[in-house]
């Protein structure tokens, strides 16, 4: 392992995400990325830690947070752990710390994109089209198309309570980012902010302003906090031969493959077979990651695609016939 690497990569896993974190680490090593990987484990067993740590340069660190049976509290926990994961990786004393989402893989050697030309926070900003789709159920008459809705900005401004004008046009993503260690105080600021506004230890929670808990909380502090690092566009999606592919959020590929993610199926299969060639002991493989079940993989992918498409086409007619019916998105 290259001890001179200037970046340490952090990711997060509980028992349900061990396989995902394992595949992510495999993809890094398979494509020659030598940066050390710190996996923040949420109550992982000794056996689960061994699965991850058998990969060269991968280390697990125990999270100080406790899991919850409440789904919304667990969603909050997954985001609160981002600060903890970054700070665990910062113990390596590398110049750059990266935070990767657990259900991603890299498709090539992304090493050049783990560095920074200018120190700061490198992340992905949503496009105008993404922003419009993201907030489509929150817009009011006075809002501009593709903007961040006024009622969302109002809540962010009140919660941060520093700058009076937003510095953001579009929301940002809170994963697959890099930060220079000179700006780790900002990560603590963001972490403290999440502790205040996300429903982990308290019941009050503004779904409109923080439904996407990590993304919206990070967007809020970048928009209205006074002391933020220089913000740059991450390059993890620019190189068609070496980028980070997000295989989530739903469904998880170890449950079944959605049609639009099938192009990564054989890449993941190759990673698992390569791991066996290297002498690694793969974790138990679900049917969705077995060659012999490829026909079933295709059947599930196309069946669910057909059902989802049919529901989308029939939804307007259903709402016309049942005007009092509201979807989860329309309830905001």
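Coordinate-derived values only; no laboratory data. What you see is a predicted model; the values in this text were computed from it and never measured.
Points worth noting:
- When the alpha carbon coordinates of the stretch 105-222 are projected onto the principal axes, the ranges are 45, 33, 28 Å, largest first.
- Our estimate of slack between residue 299 and residue 137, defined as 0.36 nm per intervening residue step minus the Cα-Cα distance, is 55.1 nm.
- P(r) tail for the stretch 269-311: Cα pairs beyond 18 Å make up 44% of the total.
- Values of log10 I(q)/I(0) for the stretch 8-63 across q = 0.15, 0.20, 0.27, 0.30 Å⁻¹ run -0.33, -0.59, -1.08, -1.32, by the Debye formula with one identical scatterer at each alpha carbon and no solvent.
- Spatial separation of Cα centroids for the stretch 118-133 and the stretch 1-61, in angstrom: 26
- Mean projected area of the convex hull spanned by the Cα atoms of the stretch 133-285, taken over all viewing directions: 12.9 nm².
- All-pairs Cα distance distribution in the chain, expressed in whole percent, bin size 10 Å: 5, 23, 32, 26, 11, 2, 0
- In the stretch 1-102, the inverse of the mean reciprocal separation of distinct Cα atoms equals 13.6 Å; this is its Kirkwood hydrodynamic radius.
- Principal axis dimensions, the stretch 188-229 - Cα atoms, whole angstrom, descending: 30, 19, 12
- Values of log10 I(q)/I(0) for the stretch 144-213 across q = 0.15 Å⁻¹ run -0.60, by the Debye formula with one identical scatterer at each alpha carbon and no solvent.
- Hydrodynamic analysis of the stretch 229-295 uses the Kirkwood radius over alpha carbon pairs. Inserted into Stokes-Einstein at 4 °C and 1.567 mPa s, it gives a translational diffusion coefficient of 92 µm²/s.
- Distance between the C-alpha centres of the stretch 69-105 and the stretch 266-310: 26 Å, rounded to the whole angstrom.
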